[in-house]
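Single-structure report; data block below.
The values are calculated or read from the model by the stated rules, or taken from the named source; none is laboratory data. Just so you know, these numbers come straight off a predicted model, no measurement behind them. So basically every Cβ, Gly included, is an ideal-geometry build from the backbone, and we count neighbours across all protein chains shown.
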Ligand code: PCA
């Protein structure tokens, strides 16, 4: 004991202490606000991503995932990352369409309605997203599509006319706009509050994936889901550029690699779970239906109007993006 005490006062021991302190200081801790429940496939993927980063950096970069909008509400996460209140976060890109049309291109109905087309659209959109987010002091790490969006309703439909006056849960500017086009009443509610909104009758319908219907137990109040395969909006994990640049090169590389893996894993899991959700929703008593011809045609028309609107807002660059996508 005496010996150890003595040892601590030697220059060598002092150096060891300083090194230990240096190691502790070199550990970086990041908060990652996410807006969806822990059991959601996006969130599970993020948790795996954080683990991969931890392992690859030997614990040098620790990312704490805050699920279900517990740290910031969904629409606040982007600004939190931009301002550095969170170093990294998950956002639903289409939520930010009013800031810049590029964020909304994956929310246009029937522009890209399969996983394959959605990947092509992402490849076209990504360079612009990189630029826009870069100019805002952030960096896109990866993005993963939600499964295709379908229509949750309480009664069977023949056309969109049957939706007139129905209380419609919107999650983005585009889904609110859709409600207006079909004569429904939009109420914007983020996923974390959807369960409550349906249970209390604030809303009676929404367009979303099987994932969110399952996560929110929508089957307790809604019995039909039309598998319209209308669009596949994406969640993106973004990082504050200053926080990213403050990492050493090896940590940056580990983060980028884990992000690329998460992107591949996330798209695969979205497609796989899309099928699983349909089975589970059916087990819970929901009817999963193909839209009848008139309903399908009406919705396509809504998509055409929304694409024209988007192209108008996005100008020449936007039109170029759409034609580049169509050529892919
Ligand atoms: N779920 C999210 C966005 C798209 C989706 O499938 C939601 O409904 O909020």
Pick from 157, 141: which is under 24 Å from residue 290 (Cβ atoms), modelled with pLDDT of 95 or more and buried (at least 19 other Cβ atoms within 10 Å of the Cβ)? 157
Unique residue being free of Cβ contacts under 8 Å to residues at least 12 places away in the same chain and part of a helix (DSSP H, G or I) when the list is 275, 280: 275
Is at least one residue of the range 240-248 closer than 24 Å to residue 64 by Cβ, in contact with a helix residue (DSSP H, G or I) (Cβ under 7 Å, 6 or more places away or on another chain) and surrounded by 22 or more Cβ atoms within 10 Å (Cβ to Cβ)? yes
Of all residues in the range 68-82 being more than 13 Å from the ligand (Cβ to nearest atom) and touching a residue at least 60 places away in the same chain (Cβ under 8 Å), which is farthest from residue 144 (Cα to Cα)? 82
Is it fair to say residue 254 is crowded, with 17+ Cβ neighbours inside 10 Å, in a helix (DSSP H, G or I), more than 19 Å from the chain's Cα centre (by Cα) and more than 16 Å from the ligand (Cβ to nearest atom)? yes
Listed by first then second residue, the pairs whose first member lies in the range 136-155 and is in contact (Cβ under 8 Å) with a residue 12 or more places away in the chain, whose partner is part of a loop (DSSP other than H, G, I, E, B) and more than 16 Å from the ligand (Cβ to nearest atom), with beta carbons under 7 Å and at least 6 positions apart or on separate chains, are 154/223
Unique residue being modelled with pLDDT under 95 and either within 16 Å of the chain's Cα centre (by Cα) or assigned to a helix (DSSP H, G or I) (or both) when the list is 38, 7: 7
Helices (runs of 4 or more DSSP H) completely within the range 112-217 that count 2 or more residues being more than 10 Å from the ligand (Cβ to nearest atom): 115-135, 173-182, 194-199
Filtered residues of the range 65-87 (kept if crowded, with 20+ Cβ neighbours inside 10 Å, under 13 Å from the mean Cα position of the chain (by Cα) and outside any helix (DSSP H, G or I)): 67, 69
Go through the residues of the range 13-31 one by one and say whether even a single one is more than 15 Å from the ligand (Cβ to nearest atom), buried (at least 22 other Cβ atoms within 10 Å of the Cβ), at pLDDT 95 or above and over 30 Å from residue 301 (Cβ atoms). no
